[in-house]
Amino acid sequence: MDPKKQQEILEELFGCPLPVLDPVYTEPNAYSRMSPNYLITPYLLSEVYTVEEMKMVQLMPATAEQIAQKLGLDTEHCVRVLENMLDFARIVSTNKADPKVYSPHLNMVAFRDSLGLGFLSHKMDWTPRMRAFRLMDHWIHVDYSPMAAELVKWEMRVIPKWESIKDIPGIMYCENAKEIMERNVRAGTMLNVQCVCRAYRSYLDEGKYNPDHCAELHEHSAEDGHCFSFGSTAEFYKKKYPDSHLPTMDEAMELLKSGDESRCIYQLPNTRETTQFCSCCTDCCAVSYHYEAVGIKDVRKPSRFRPYWREAKCVGCQICETRCNYDAIQVVDGAVVIHEDLCKGCGNCVVTCPTKALKMKIVHGPEWIPDVPYIDGWSIHDELEGEENRKAAEEQGAKISV
């Protein structure tokens, strides 16, 4: 975004001559290195952090004792301030290290999502802080270089709607949404949260939260949220976001059913580990707004499946066309044409075909899904666990999730 456009955005949001900021916000920091929107960055930070908090952020990563010593403050006071920032997800920390190490967020999307989830989990109204959220929305919209686009290629992977593949032999656990949910519900290691992307779009578009803003999925709270986490990620969410919901089996299956019936796309990190998956709509999803909106189309790796057409069963209703988010399927002169180069293998067209004229087939072998560790880009990992996983993942060609 060019400087003139950034200036216009800032002047419109503040509605007055831009205030002079404390120099702590304009000094180089972790956030100013993330985005080329350098005029917006300090004003965004001034909306998220107080001057004292920003001085602490500038010294991170560090322990509370280290920060207190450098700023000449009482350590207990620093801990209270840091834990408040952590409680509202404005910073991150090590999971297990003692003493705890605090850090700024590690990437733009994690910063954006954490800020929103912090408000959602505490059931806070976003309205009084809308300037911060609007600045965040502008801040993350950047034009990526070809090199940067390559770094995020196939960072996420599509998994098909369960109803579209349930009768196909050879389904792997990491692409079986129903089994992932059932296994984790039985183990008590599944949580669902209210989708932060839907909240962002509702507040940004309407200036308030409207559970029916999204045309596909309607969410009033964490209980009917369609963002799912499992295992250690669920443990992290449970500690981090008190509003996370541990669903019963009936609740989980109802959420899966409503997701299957919608046009959302299920996506998860591109590994065989099943830590989480999202139910993403193209009118809300951060991938759509953050990457695809600026022309990066390969963030979502297609699933191993593709639909195929059975002419004898087709009545030419064209419902499949309306279900596809990527214009990958068309009815031309009575025939269904599937553009495999555009298709993500999500199964949307299959689950609502009234005559079952569309079926799914496996078009890639198991090697399509990388067998590498998942690296969480949201939190700082302790030296033993995080760095070992990170090194192993990089040696096996994995990308760190951002």
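What follows is calculated from the coordinates using simple rules that are stated; it is not laboratory data. What you are looking at is a predicted structure, and each value in this text was computed from that prediction instead of being measured. In this analysis, Cβ positions are derived from the backbone assuming ideal geometry, glycine residues included, and neighbour counts consider all displayed protein chains.
Over 29 Å between Cα atoms, which of K4/K240; K100/K123; K239/K361 qualify? Long pairs (Cα-Cα over 29 Å): K4/K240; K239/K361. Here the simple spin-label model places points 7 Å from the Cα toward Cβ, and for R186 and D298 these points are separated by 3.9 nm.
Can you give me the C-alpha center-to-center distance between the range 154-220 and the range 17-95, rounded to a whole angstrom? Comparing the Cα centres of the range 154-220 and the range 17-95, I get a distance of 33 Å. Note on K166 and M130: the extension gain reaches 8.6 nm, defined as 0.36 nm multiplied by sequence separation minus the Cα-Cα distance. Counting Lys and Arg as +1 and Asp and Glu as -1 over every other residue whose Cβ lies under 15 Å from the Cβ of D212, the net charge comes to -3. Full extension of the chain between D87 and D2 yields a length gain of 27.1 nm, computed as 0.36 nm times the residue separation minus the alpha carbon distance.
Between T282 and R33, the simple label model (points 7 Å from Cα in the Cβ direction) yields a spacing of 3.7 nm. Comparing T352, V299, S262 along the charge dipole axis of the chain, the residue lying farthest to the positive side is T352, per the Cβ-charge model. Peptides 276-286, 324-334, 252-262 ranked from most to least packed by the mean count of surrounding Cβ atoms within 10 Å: 276-286, 252-262, 324-334.
Where in the range 325-366 does the label zone of Q318 land, with the point 7 angstrom along Cα→C-beta and an amide N cut-off under 19 Å? It comes to 325-339, 349-350, 352-358, nothing else. Based on the Kirkwood approach, the hydrodynamic radius assigned to the range 105-241 is 17.1 Å, with every pair of different Cα atoms included. If R0 equals 35 Å, the separation of the Cβ atoms of V363 and M253 corresponds to a calculated FRET efficiency of about 0.80.
Classified by the C-alpha gyration tensor, the range 1-130 has a prolate form. Its axis ratio a/c, with a ≥ b ≥ c, is 1.5 or above, and a/b is larger than b/c.
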